[in-house]
Amino acid sequence: MNHLPSTVNTNAQEEKGLSFKLDIQSYTLIIALVLIAVIFSVFTGGEFLSSRNISNLFTQMSVIAVLAIGMTLVIVAGHIDLSIGSLVGLTGGIAAILHVWYGWNTFLVVIAAIVIGALFGLWQGWWVAYRAVPAFIVTLGGMLIFRGILIGFSKGQTVAPMSESFKQIGNSYLPYGIGYLLAIVSIVLLIFWTNRNRSKRKSMGLLVSNATIDYGKVTLYSFFILLITYMLNRYFGLPVPFLIVILIAAIFIFVSNKTAFGRYIYAIGGNQEAAALSGINIKRNTLWVFITMGGLAGVAGVLLTSRLNAATVSAGNMYELDAIAACVIGGTSLIGGKGRIFGALIGALIMASIDNGMSMMNIETFWQYIVKGSILIIAVWIDISNKK
């Protein structure tokens, strides 16, 4: 009994250390993002941080951000998906064909794109989960198959233009008042969840962070929410694609942190044998991960086609690498079992910022590929070094 206080203190210290490590990781990403913004702002005469460019930046990152959300779950589960770029092109192409050539209305086209993406995800997940074919091989084959289907369906043509209702998905903005209302609602929910988590931890006898720290974070997050809303409203308002990303991210953050399915995915990626011995259905949960990834690729396909007002056979090319890079930069481990959707979103914003900033500086395209490839290698090296 004399050793009980010491054990409790040790556990509390370990928990506090883990929380501090996660916070440091998140803050490092945010600091890196701020530095990128400052550097590009200097070299573009402040244009990088203009309301117009920030609005464009959030719109441009939306497709990769949606893919990064799904890819986070795939990688956390211990797999990889190399087909999502081609699947984005295929679902976007099918949406355009149904809309332009066959006259389907916008609502049915969007549903069809998401369902088709989920079905292709189901097909790939079946091979991985129930036939034990490595995800790398299955999705590499899928990358070629989906691109081939797109070329066949579209006959190699560019399908355009979309109707006004379809274009609104990727190019419209919310009115200023609604933007500020959503910002206030977000802040209220943030305060509510902070209070709820603190009360829940107290009732369970767990370590509770200092109130100053917790509410200091809330204040900081609230400031940035209002600042971003203000900057976006100075242009045309909150971009609808950015709002879609926020809604999808909120759903999947809840799923990954608060549901059995989310915890199962982390358990499977962390130690598959232990997860199986714990009674987790490895095959079924793996299948659902790929179904989810396919559905999100359908959403991304609609967003891309809507924003470009056209579907081409090259749409979505190399997007899988941008999504993987966003996840790795955001702290997702390629070994599996570790990763956060919020980090992937920051990673997607970093990748989009680099693309946007270098384009504004008129840096040639080949340098953009070199920089992004180098960042991916460095991010993986940092992850491996941390594990050592």
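Given Ser209, Ser199, which one is open to solvent by 50 Å² or more (accessible area, probe 1.4 Å), of a type in the set (S, T, N, Q) and assigned to a helix (DSSP H, G or I)?
Numbers: Ser209 fails: assigned to a helix (DSSP H, G or I).
Every option except Ser199 fails the conditions.
Across region 304-318, what is the number of residues that are under 19 Å from the mean Cα position of the chain (by Cα) and open to solvent by 50 Å² or more (accessible area, probe 1.4 Å)?
Qualifying residue count, region 304-318: 3.
Hey, could you check region 102-135 for residues that are of a type in the set (S, T, N, Q) and in a helix (DSSP H, G or I) and say which is surrounded by the most Cβ atoms within 10 Å (Cβ to Cβ)? Quick ask: steps written out before the conclusion?
Of all residues in region 102-135, those of a type in the set (S, T, N, Q) come to 105-106, 124.
Still in the list and also in a helix (DSSP H, G or I): 106, 124.
Working: Thr106: 19, Gln124: 27.
Filtering region 102-135 for residues that are of a type in the set (S, T, N, Q) and in a helix (DSSP H, G or I), the one surrounded by the most Cβ atoms within 10 Å (Cβ to Cβ) comes out as Gln124.
Here is a list: Ala344, Ala297, Ala352, Ala325. Which entry is under 18 Å from the mean Cα position of the chain (by Cα) and either basic (Lys, Arg) or closer than 20 Å to Phe254 by Cβ (or both)?
Just one listed residue meets the conditions, Ala344.
Any idea which of Ile228, Ile265, Ile244 is hydrophobic (A, V, I, L, M, F, W, C), over 30 Å from Gly170 (Cα atoms) and in contact with a helix residue (DSSP H, G or I) (Cβ under 8 Å, 6 or more places away or on another chain)? Reasoning before the result, please.
Details: Ile228 fails: over 30 Å from Gly170 (Cα atoms); Ile244 fails: over 30 Å from Gly170 (Cα atoms).
Exactly one residue qualifies, and that residue is Ile265.
Give region 329-388 a look and list any residue that's on the phi > 0 side of the Ramachandran plot and either among the aliphatic types (A, V, I, L, M) or touching a Ser or Thr at 6+ places or on another chain (Cβ under 7 Å) (or both), or say none.
So in region 329-388, the residues on the phi > 0 side of the Ramachandran plot come out as 331, 336-337, 339, 362.
Within region 329-388, Gly339 is the sole residue that qualifies.
Pairs please, first residue from region 66-86 and under 15 Å from Met143 (Cα atoms), second anywhere and in a helix (DSSP H, G or I) and among the basic types (Lys, Arg), Cβ atoms under 8 Å, 6+ apart in sequence or on different chains.
As it stands, the answer is Ser86/Arg147, since those pairs meet every condition given.
Could you grab me the full set of residues in region 332-359 that are open to solvent by 10 Å² or more (accessible area, probe 1.4 Å) and assigned to a loop (DSSP other than H, G, I, E, B)?
Leu334, Ile335, Gly336, Gly337, Lys338, Arg340
Among the residues of region 76-93, what is the count of those that are among the aliphatic types (A, V, I, L, M), closer than 15 Å to Leu296 by Cα and assigned to a helix (DSSP H, G or I)?
The qualifying residues number 4.
Restricted to region 212-224, and to residues that are open to solvent by less than 50 Å² (accessible area, probe 1.4 Å) and of a type outside the set (D, E, K, R), which residue is farthest from Leu247 (Cα to Cα)? Please lay out each step first, then the result.
Taking region 212-224 as the starting set, the residues that turn out to be open to solvent by less than 50 Å² (accessible area, probe 1.4 Å) are 214, 216-218, 222.
Next, from what is left, pick out any that are of a type outside the set (D, E, K, R): 216, 218, 222.
On the way: Gly216: 25, Val218: 19, Ser222: 17 Å.
Ranking the candidates gives Gly216 first.
Restricting to region 242-270, name every residue that is buried (at least 18 other Cβ atoms within 10 Å of the Cβ) and among the aromatic types (Phe, Trp, Tyr).
Phe242, Phe252, Tyr264, Tyr266
Select from region 26-58 the residues that are of a type in the set (S, T, N, Q) and open to solvent by less than 50 Å² (accessible area, probe 1.4 Å) and write down the one among them that is farthest from Met360 (Cα to Cα). Outline the logic, then answer.
Quick first cut of region 26-58, residues of a type in the set (S, T, N, Q) only: 26, 28, 41, 44, 50-51, 53, 55-56.
If we keep only those that are open to solvent by less than 50 Å² (accessible area, probe 1.4 Å) too, we end up with 26, 41, 44, 50-51, 53, 55-56.
On the way: Ser26: 27, Ser41: 10, Thr44: 7, Ser50: 12, Ser51: 15, Asn53: 10, Ser55: 15, Asn56: 12 Å.
Top of the filtered list is Ser26.
One residue is enough: does region 255-276 have a residue meeting the conditions aliphatic (A, V, I, L, M), modelled with pLDDT under 95, more than 22 Å from Arg196 (Cβ to Cβ) and not in a helix (DSSP H, G or I)?
no
With respect to the numbered conditions (1) without any contact (Cβ under 8 Å) to a residue 12 or more places away in the chain; (2) open to solvent by less than 70 Å² (accessible area, probe 1.4 Å), which one is the sole condition not fulfilled by Ser154?
(1)
Looking only at region 361-375, filter to residues that are hydrophobic (A, V, I, L, M, F, W, C) and surrounded by 10 or more Cβ atoms within 10 Å (Cβ to Cβ); which one of those is nearest to Thr44 (Cα to Cα)?
Within region 361-375, the subset hydrophobic (A, V, I, L, M, F, W, C) is 361, 363, 366-367, 370-371, 375.
Among the residues that remain, those that are also surrounded by 10 or more Cβ atoms within 10 Å (Cβ to Cβ) are: 361, 363, 367, 370-371, 375.
On the way: Met361: 7, Ile363: 12, Trp367: 17, Ile370: 21, Val371: 18, Ile375: 22 Å.
Ranking the candidates gives Met361 first.
The values are calculated or read from the model by the stated rules, or taken from the named source; none is laboratory data. As the structure is a prediction and not an experimental result, all values here were calculated from the model. Ideal geometry is used to build each Cβ from the backbone, glycine not excepted, and the neighbour counts take in all protein chains shown. Just the protein is used for accessible areas: all its heavy atoms, side chains included, with ligands, DNA and RNA removed. Shrake-Rupley method; radii C 1.70, N 1.55, O 1.52, S 1.80 Å.
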